[in-house]
Structure formats: C-alpha cells, structure tokens
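The numbers here are math on the coordinates, done by the rules we state, and not lab data. Just so we're clear, the structure is a prediction, and the values are computed from it rather than from any experiment. Please note: Cβ atoms are built from the backbone with ideal geometry, for glycine as well, and neighbour counts cover all protein chains shown.
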Amino acid sequence: MGRVEDFDSAECNGSAHERKQRWILVTGGAGYIGTHTVLQLLLEGYCVMIIDNLVNSCEEAVNRVLKLAGEAGWNLEFCKGDLCKLEDVQKVFNLHRFEAVIHFAGLKAVGESASKPLLYYKNNLTSTINLMNVMSENRCKNLVFSSSATVYGQPESVPCTEEYPLSVTNPYGRTKLINEDIMRDVQHADPEWKIILLRYFNPVGCHPSGEIGEDPLGFPNNLMPFVQQVAVGRKETLSVCGHDYDTRDGTGIRDYIHVMDVACGHTKALDKLFTTPDIGCAIYNLGTGRGTTVLEMVSAFEKASGKKIPLKFDVRRPGDSSEIYAATKKAEEELGWRAKFGLMEICRDQWNWAKRHPFGYECQEQ
C-alpha cells in the first residue's frame with residue numbers, strides 16, 4: 001500500500017500507478033462506514049485513496065482493511081489530510097486521476113452538534129464546498145454522498161420514501177440537508193455532474209472477521225456501541241432514552257441495517273453512476289424496510305452474545321422520532337440492491353468485534 005503521511009511526499013506505490021482499474025477517492029475512509037466500504041471497493045477491483053484527518057478515526061483501522069483485503073490491498077493508499085484545508089484537497093487530487101468520490105467525511109454526533117453548532121457548520125459544509133470545487137477543477141464529477149435518514153425529521157407516517165418532505169431537528173441533520181441542497185444546486189447548474197445521495201438509516205454490526213468495527217471516541221452516541229460496551233464490562237448499564245413511545249414496547253423503533261449491506265450499497269451506487277449518463281442527482285434509501293424497537297435489538301444481542309445487558313430507562317432525547325424506517329423499493333429496482341442481513345447476523349458480528357477488541361482499536365482515548 002502506498003502511504004502518504006500529511007502530504008510530506010508525493011511518491012506513491014509504483015505498481016498501483018500502473019494499474020488500469022478505476023481510482024476512487026473516499027473521504028473519511030478511516031471511519032466506521034468508510035472502512036467497511038473501502039474493503040468492499042477493493043475486493044470488487046477498485047483502486048482506493050483514503051483521505052481522513054483522523055479526528056474521529058484511527059489509522060490502525062486502515063491497516064486492518066489492508067490485511068483483510070489481501071492482494072487487493074496493493075490498490076489502497078492513505079493520506080492524512082483535512083478537507084477543510086483547500087491545499088490538502090488539491091494535493092490529494094494531484095496524486096491520481098479519480099473517476100469518482102465517495103464522501104463520508106464529517107462530524108456526526110447529534111448532541112455535540114446542538115452544543116457546538118458553529119463547529120458542525122464550519123466543518124461539514126466547508127469540507128464539502130472545498131471538495132466539490134477541487135473535483136470540478138479536475139473534471140471529476142461523479143459523487144456518492146453519505147447522507148442520512150435524519151433529513152426526514154419526524155415523519156408523519158412510515159415507511160419513509162425518498163419523496164418525503166424534508167425537515168431536521170438538530171444542527172448535524174441540518175448540515176446533511178444543506179449538503180444535499182448544495183449538491184442539487186451544483187448538479188442543476190452543471191449537468192455534467194452525476195450525484196447519488198444515499199440516505200441510510202441506522203448502520204450497525206461489523207465485518208464478520210471481527211477485525212474492523214465501530215470504535216466511537218468518548219461516550220457512545222448510538223445504541224449498539226453502547227450495548228457492546230456494557231457487554232464487555234466497560235459500562236455498567238445501558239441507558240434507554242424513552243420508554244413511553246406509542247410503540248409495541250414503549251421504546252423507539254428504528255431501521256437497523258448491517259454495515260456490510262451499507263458498504264455494498266455504495267458499490268452499487270458507483271455502478272449506477274458509471275452506467276447511467278443522465279442520472280442527474282438521484283436519491284436512494286439504504287435500509288431494511290423493517291422497524292425494530294430498542295428492546296428487541298437488546299434482546300437479539302443478548303441471545304447472540306450470551307450476555308445479560310442491564311438497562312435503565314431515561315427521558316426521551318429531544319428531537320427523537322418514535323418510529324422511522326425505510327421504504328427500499330427504489331434502491332431495489334434501480335440499484336439492484338437490498339439488505340441481506342438480519343438482526344441475528346448484526347448482533348453476531350457486533351459481538352465478535354466486541355469480544356475480540358473490547359477497547360476498539362486502542363489507539364484513541366477511551
């Protein structure tokens with residue numbers, strides 16, 4: 001694997017330069033969804049460059065992807081860089097002629113976004129604007145954007161189709177929606193752009209090997225990292241936010257989708273970009289089309305792990321919906337994609353990661 005640390009050197013692995021496969025730039029590729037997607041891309045024959053500032057991720061995760069990819073790992077390169085610094089983006093585009101970009105990079109903690117909105121607006125919007133400017137300068141106008149079901153706000157009914165009215169309840173979600181608006185405006189002004197917005201719901205689980213997974217910095221914001229930390233003894237109890245929703249057991253209903261299905265959705269999106277000249281700016285949900293309560297997910301994890309998860313009920317989090325899950329017909333029909341894995345596979349793989357690596361990659365402050 002060619003390594004470029006902080007752009008100190010523009011020299012990359014020579015054999016990788018000579019390969020004929022398509023080069024894909026993956027921003028935020030050292031993160032949870034990024035690493036799983038990068039691995040999938042490599043195994044499908046793509047050459048991949050990761051740019052990541054490692055603020056909420058770890059280079060060890062990239063090294064694990066390299067090992068899992070085997071010989072395909074020769075097509076992986078990593079650059080430590082910040083999309084908010086225009087010069088970093090320009091330098092990475094000097095290394096290869098990219099045919100497409102998958103854009104994951106961004107801050108994503110809902111609670112933190114509420115307390116630090118300016119940080120989220122500056123980081124998540126500046127990074128996208130810099131990226132798209134440099135892409136345009138280099139005539140790379142194929143883009144897959146990591147969006148979120150948070151742009152549906154609190155839907156009046158379920159499942160959510162891609163045509164639902166958009167609204168948000170926190171600054172993080174607003175940055176996703178503004179980024180979507182930026183991309184729609186850019187594509188409308190310049191039809192050479194081909195863009196796919198992937199709105200995924202609740203990615204969970206890990207690679208079946210247990211070698212890469214979700215390793216949140218600090219206190220977990222999402223359910224499954226919290227559950228696994230209780231299972232391995234890092235936390236005493238799971239706090240369930242809200243038990244008085246109008247649902248079958250009083251807890252919120254979400255669409256939990258295996259991260260490997262999400263990774264596959266991104267490669268299907270690239271296929272669509274490369275084979276559909278008039279795609280414009282298209283939107284697809286990535287979900288299972290099924291809703292699962294918090295307590296149902298905890299119960300499934302207990303069965304998979306053999307561990308009892310003590311829990312306590314807390315107040316609802318502001319802005320949380322009682323029920324939200326995806327309509328997936330469009331992705332099935334137009335991308336040829338559908339989720340393959342269910343709750344037991346999700347929990348099995350999540351537990352495999354947790355028991356093998358109870359402290360994650362052990363290269364962040366826990």
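Quick notes on this structure:
- Using θ = phi - 60° and Karplus 6.51 cos²θ - 1.76 cosθ + 1.60, couplings along segment 251-262 (whole Hz; Gly, Pro as x): 9, x, 9, 9, 9, 8, 10, 4, 4, 5, 5, 4
- Estimated FRET transfer efficiency when R0 is 35 angstrom, pair Glu333-Ile178 (beta carbons, to 0.05): 0.75
- Proximal lysines to Lys308, defined as alpha-carbon separation beneath 19 angstrom and excluding residues fewer than eight positions away on the same chain: Lys235, Lys355
- Selection of trypsin sites (Lys or Arg not before Pro), segment 123-183, meeting DSSP coil and at most 14 other Cβ within 10 Å: Arg139
- Estimated at 0.36 nm per residue, the fully extended path between Val232 and Asn133 surpasses their Cα-Cα distance by 31.2 nm.
- Taking every DSSP bridge with both residues inside the chain, close to 5 percent are antiparallel.
- Along the axis of the charge dipole computed for segment 23-356 (Cβ charges of +1 for Lys and Arg, -1 for Asp and Glu, origin at the Cα centre), the listed residues Ser57, Gly319, Ala339 are led at the positive end by Ser57.
- Extension gain, Gln90 back to Gln154 (0.36 nm per residue minus Cα-Cα distance, nm): 19.2 nm
- Remark: the Lys67-Arg248 segment gains 60.8 nm on full extension, using 0.36 nm per residue and subtracting the alpha carbon distance.
- Inter-site label distance for Arg97 and Lys312 at 7 Å from Cα along Cβ, in nm: 6.1
- Short-range pairs are left out: with C-alpha atoms under 8 Å and at least six residues apart, the relative contact order of the chain is 19 percent.
- The label-point distance for Leu118 and Asp271, in a model that sets each label 7 Å from Cα toward Cβ, rounds to 4.7 nm.
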